[in-house]
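Undergrad: I have a structure I would like to understand better, so I am pasting it below and will then ask my questions one at a time.
The values are calculated or read from the model by the stated rules, or taken from the named source; none is laboratory data. Computed from a predicted structure; not experimentally measured. No Cβ is skipped: glycine too gets one built from the backbone with ideal geometry, and neighbour counts run over all protein chains shown. When the accessible area is computed, the model is the full protein with side chains, heavy atoms only, and any ligands, DNA or RNA have been set aside. Shrake-Rupley method; radii C 1.70, N 1.55, O 1.52, S 1.80 Å.
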Amino acid sequence: AWTHGDPRKVIYPTDSQGQFCGQQGTPNDSAPVPRPFPTRSPPVPHQFSPPLQICVSRCPDRYLTYLQATTSKEDMGYYRSFCDPSLFVPFQSVIQVLRDKECPAMIIPSTPLARRCFPAIRAKKGVIMVGNQTTYDDGHGRRRNVTELLEGAKKANVVLEARQLAMKIFEDYTVSWYWIIIGLVIAMLASLIFIVLLRYLAGIMVWVMIVMVILVLGYGIFHCYMEYAKLKGEAGSDVSLVDLGFQTDLRVYLHLRQTWLAFMIILCIMEVVIVLLLIFLRKRILIAIALIKEASRAVGHIMTSLLFPLCTFFLLCLCIAYWASTAVFLSTSNEAIYKVFNESSCPFSGQTCHPESFNTSNVTKLCPDAQCLFAFYGGETAYHKYLIVLQFFNLFMFFWLANFIIALGQVTLAGAFASYYWAFKKPDDMPAFPLFSAFGRALRYHTGSLAFGSLILAIVQVIRVVLEYLDHRLKAAENRFAKFLLGCLKCCFWCLEKFLKFLNRNAYIMIAVYGTNFCTSARNAFFLLMRNIIRVAVLDKVTDFLFFLGKLLIVGSVGILAFFFFTHRIKLVEDTAPPLNYYWVPILTVIVGSYLIAHGFFSVYGMCVDTLFLCFLEDLERNDGSAEKPYFMSPNLKKLLKKTNKGQPDA
């Protein structure tokens with residue numbers, strides 16, 4: 001790709017000969033903007049004549065036809081800059097110049113956009129105008145309405161408006177970037193404080209949540225009973241749901257006693273189920289809370305782990321940059337293809353030609369009006385035919401590399417936190433630099449296992465991309481069975497991807513702990529979790545709730561603070577807030593940035609909880625508290641499970 005590709009095809013436009021406009025070292029280096037000529041429809045059937053494009057130094061700024069320009073030397077001098085210099089011959093007749101497309105029949109006021117000239121369309125009091133006029137001369141003696149130019153420049157105007165919006169947004173960033181950084185620092189400090197406070201407040205938050213759920217359900221039961229009692233004796237309230245049937249206005253059901261009775265029964269069942277689960281799972285909830293507290297201590301001893309996501313993010317950025325640049329080079333690997341275009345019958349019409357030798361070929365002798373014009377970028381070699389396959393391979397390698405980088409981050413964090421758990425005397429028995437030690441072990445011993453796990457996940461993700469592509473192609477199809485089958489496949493592979501991510505994550509933890517290969521680690525992790533499925537479910541839901549609460553608290557508080565600050569509603573710093581075009585620009589930036597920061601902190605914390613949980617399960621199964629096999633869990637967990645180390649002091 002890097003040998004054959006040329007990204008200039010994306011950046012710089014070309015003229016009708018395929019030459020770049022405004023690129024140094026090319027014939028058009030002093031004319032950066034191409035301008036398309038309006039061309040007549042050719043009389044030859046099925047023969048497409050592309051619009052003639054030339055590179056110009058500036059876009060036209062006035063209405064002018066070639067016929068009008070011939071009456072004035074000054075106008076002709078100006079008009080000549082928009083003619084094809086390779087074709088234009090002075091002192092030719094008007095008919096001959098327009099027939100040979102040496103010059104455009106007319107020019108209109110235009111504006112440069114993305115290195116191209118587009119009609120300068122604007123609206124004044126609801127009237128579409130180009131250059132302060134509503135009509136123009138098309139160069140063939142007819143007056144046309146400027147709305148005929150609207151369709152061709154509609155997308156250009158959207159881009160132009162988007163550019164103006166982008167400029168205002170950029171101005172807002174230039175005056176508010178300092179305060180945005182302060183807001184993100186506040187989010188970082190809040191995330192750190194929340195993780196530290198989980199050591200002390202995890203139990204309180206979990207039990208408060210459980211009590212609130214029970215109270216809310218209790219109030220719902222009370223409210224349903226009151227509504228049920230209030231409707232007693234009212235006309236029509238005793239009609240059954242079966243007799244009423246289906247109604248589009250759902251408010252009708254609220255006037256029936258049976259509706260509130262059904263609501264009350266459902267809420268009562270939910271209340272009873274939650275209370276029973278609380279009674280039978282109270283010990284497992286306590287274990288989950290203890291593990292969350294222990295994870296907070298582990299993160300406190302390995303503070304560098306909170307910065308490790310920056311390393312993963314940097315590597316992912318490199319991976320994305322490599323994939324994107326390779327994709328651009330691949331997509332621009334095509335060669336310039338020239339075709340024979342003519343306005344009369346010609347046996348060579350549509351055939352490939354070479355501009356260098358075209359004038360001396362037999363084509364010009366048999367077809368005097370034929371031209372060798374740039375048609376498109378393409379190629380007929382094996383390399384060009386299989387470009388789509390190479391793009392597909394590039395996408396597959398992107399998924400593989402991205403998954404490998406994520407896996408490297410997970411196994412590094414797992415190795416660091418596992419060294420904390422398996423230290424008998426915490427933190428004295430931990431290595432001096434647990435994170436760097438784990439990173440070195442992962443690179444030295446486990447790259448094969450990480451690559452294999454990433455490969456399996458990448459294959460599933462590529463299959464999902466193919467299914468999405470097929471779904472997009474079949475949207476207009478009427479085959480319902482094919483759509484149904486495709487929907488089922490998409491759902492199945494989505495579930496498979498989620499399961500593989502869960503399995504890989506736990507397999508990487510076992511790799512970090514024991515150093516076994518991927519398949520062995522995945523099997524051991526899976527069966528270990530299946531033997532403790534209830535503990536897994538409880539811990540997962542408890543941590544999900546705490547992480548949701550933390551993200552909501554951090555993002556919400558920082559977002560509200562940013563809203564009041566940038567809208568000048570805080571009187572103490574009312575004059576400090578910068579003037580903005582759109583106050584939502586820095587507010588949204590702070591909110592999104594706060595979420596990403598909180599997510600980064602909690603992803604480390606979540607990996608810590610999962611690692612300590614698997615280590616805790618292994619500790620329970622492999623050790624018995626004897627002198628030969630002591631427990632490595634914290635004193636709080638041993639006290640909770642009523643476990644002791646015989647003959648040895650607790651860590």
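Undergrad: So what's the gap between the Cα centers of region 349-387 and region 570-627, to the nearest angstrom?
TA: So the two Cα centres are separated by 60 Å.
Undergrad: Express in nm, to one decimal, how much length is gained between Thr134 and Ser81 on full extension, taking 0.36 nm for each residue of separation and deducting their alpha carbon distance.
TA: Additional length available on full extension: 16.5 nm.
Undergrad: Arg473 to Cys519: FRET efficiency via 1/(1 + (r/R0)^6), r the Cβ-Cβ distance, R0 45 Å, to the nearest 0.05?
TA: 0.80
Undergrad: May I have the convex hull volume per residue, in Å³, for the Cα set of the chain?
TA: So the per-residue Cα hull volume is 292 Å³.
Undergrad: Let me ask another. Calculate the tail of P(r) for region 335-378: the fraction of all Cα-Cα distances greater than 11 Å, expressed in %.
TA: Summing the P(r) tail past 11 Å for region 335-378 gives 60 percent.
Undergrad: With all protein chains present, calculate the accessible area of Arg441 using a 1.4 Å probe and round the result to the nearest 10 Å².
TA: Its heavy atoms expose roughly 90 Å² to the probe.
Undergrad: Roughly how tilted is helix 308-331, in degrees to the nearest 10 and between 0 and 90, from the longest Cα axis of the chain?
TA: It is inclined by approximately 30 degrees.
Undergrad: Please report the orientation-averaged projected area of region 526-581, defined via the convex hull of its C-alpha atoms, in nm².
TA: Computed as one quarter of the Cα hull surface, the answer is 6.2 nm².
Undergrad: Using only the Cα atoms of region 494-651, what are the Rg and Dmax in Å?
TA: Rg then Dmax for region 494-651, in Å: 22.7, 72.
Undergrad: Another one. Under 5 Å between amide hydrogens, which residues at least 5 positions from Leu64 or on another chain qualify, with H placed 1.01 Å from N in the peptide plane?
TA: Counting only residues 5 or more places away or on other chains, the set is Ile107.
Undergrad: Something else: Between the helical axis of 282-301 and the dominant principal axis of the chain, each derived from Cα atoms, what acute angle in degrees is found, rounded to the nearest 10?
TA: The answer is roughly 60 degrees.
Undergrad: Using 0.36 nm per residue of separation minus the Cα-Cα distance, give me the extension gain between Val10 and Lys230 in nm, one decimal.
TA: Roughly 72.1 nm would be gained on extension.
Undergrad: May I ask for the angle, rounded to the nearest 10°, between helix 257-280 and the longest principal axis of the chain, with both axes built from Cα atoms and the value confined to 0 to 90°?
TA: The two axes meet at around 60 degrees.
Undergrad: Normalise the Cα radius of gyration of region 492-586 by 2.2 N^0.38 Å (N = residues in it) and let me know the number.
TA: Taking N as the residue count of region 492-586, the ratio is 1.84.
Undergrad: List the residues whose amide H sits under 5 Å from the amide H of Leu113, counting only those 5 or more places along or on another chain, with H placed 1.01 Å from N in the peptide plane.
TA: Those lying under 5 Å, H to H, from Leu113 are Phe118.
Undergrad: Something else about it: So in the chain, which Cys have no other cysteine's beta-carbon sitting under 4.7 angstrom from theirs?
TA: That list is Cys224, Cys268, Cys311, Cys317, Cys319, Cys488, Cys491, Cys492, Cys495, Cys519, Cys608, Cys615.
Undergrad: Something else now. Take the eigenvalues of the Cα gyration tensor for region 279-412, scale each by 5, and report the square roots as semi-axes in whole Å, largest first.
TA: 65, 15, 10
Undergrad: Taking all protein chains in place and a 1.4 Å probe, what share, in percent, of the accessible surface of the chain do carbon and sulfur account for?
TA: 66
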